[in-house]
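What follows draws every value from the coordinates through simple rules; no lab data is involved. Please read all numbers here as calculations on a predicted model, not as lab measurements. Cβ coordinates were reconstructed from backbone atoms using ideal geometry, including for glycine residues, and neighbour counts include every protein chain displayed.
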Amino acid sequence: MRILPTILFLLAAGPSPLTALEWKTTEIHLQAGLGQEQAAGVFLFRNTQNKPVRILSVFADCHCVAARPEKDVYAPGESGEIRAEFVFAGRVGRQIKTITVVSDEPGGKAASLTLTVDIPEPVVVNPRFLFWPTGGPPAERSLEIIVTEPKQTEIGELQCSNPFFSARLQPEQAGRYRLLIKPSGTQQPAEATIRLNVTVAGRPQSYQVYVAVR
């Protein structure tokens, strides 16, 4: 089993009164690195009751997050932690995930924990769709590709699913490219997916553009 790196929390909330489990933090904010595919954070707590407390369930609002305690039962005064592991699976931008912890403490409420991760987008493609009207001029059109970290990103080959369209990549300046696309004609409908293969921090990725004559 792969051991994920644990990143120290940056934002901590104070303990919740009137509950057996006193949480040192209920909010964690992480900044992912370029090419990073997963991250983990730890929510710390302590049993403030004079009797054991059992963790009944821990569940997240997204299947991409696995959260679990070290064990089920915590003795009086004992500290513990809930470890949350987030697999990005292609997600970019700010991701906010909620984890709910239910215990058997009398009259206690379920604890709501928040894991926020900012995931950088290594390649920005704008727009992702290009269209030509049927019967119109088959002019070459373009879209912009911005590489946010050029030193860690290698641009690979283009792949087009339909030879009816030609595609070529034109460098403009550091970290910026122009993807030029042209249909063979516009007298009949046609469509294709153009895939741009890149390597980010040593990991292969791909970005798709949809083009069509309609």
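Quick rundown of the values:
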quantity: Label-to-label distance, nm, for residues given as residue 24 and residue 169 (7 Å Cα→Cβ offset); calculated: 4.6 nm
quantity: Under 5 Å, built H, 5+ apart or other chain: amide partners of residue 191; calculated: 213
quantity: Modelled FRET efficiency - R0 41 Å, residue 187 with residue 124, Cβ distances, 0.05 increments; calculated: 0.75
quantity: Gain on full stretching of the segment that runs from residue 37 to residue 57 - 0.36 nm per residue minus C-alpha separation; calculated: 4.6 nm
quantity: Relative contact order computed over the chain (Cα-Cα under 8 Å; 6+ residues apart), in percent; calculated: 16 percent
quantity: Net length gained if the chain between residue 75 and residue 152 were fully extended (0.36 nm per residue, minus Cα distance); calculated: 22.9 nm
quantity: Matching label, P(r) over Cα pairs in 10 Å bins from 0, in percent computed from the structure shown, candidates (1) 8, 26, 21, 16, 13, 10, 5, 1, 0; (2) 8, 34, 39, 17, 3, 0; (3) 9, 38, 39, 14, 1; calculated: (1)
quantity: Residue among 188, 158, 69 farthest towards the positive dipole end of the chain, charges placed on Cβ; calculated: 188
quantity: Per-pair calculated FRET efficiency, R0 = 25 Å: residue 92 and residue 142 via Cβ, rounded to 0.05; calculated: 0.60
quantity: Centre separation in Å (Cα based) which lies between the stretch 51-105 and the stretch 145-167; calculated: 40 Å
quantity: Residues of type lysines that residue 109 reaches as a straight line, Cα spacing below 29 Å, ignoring anything fewer than 8 places off in the same chain; calculated: 24, 51, 71, 97
quantity: Net charge of neighbours whose Cβ lies under 11 Å from the Cβ of residue 211, counting Lys and Arg as +1 and Asp and Glu as -1; calculated: +3
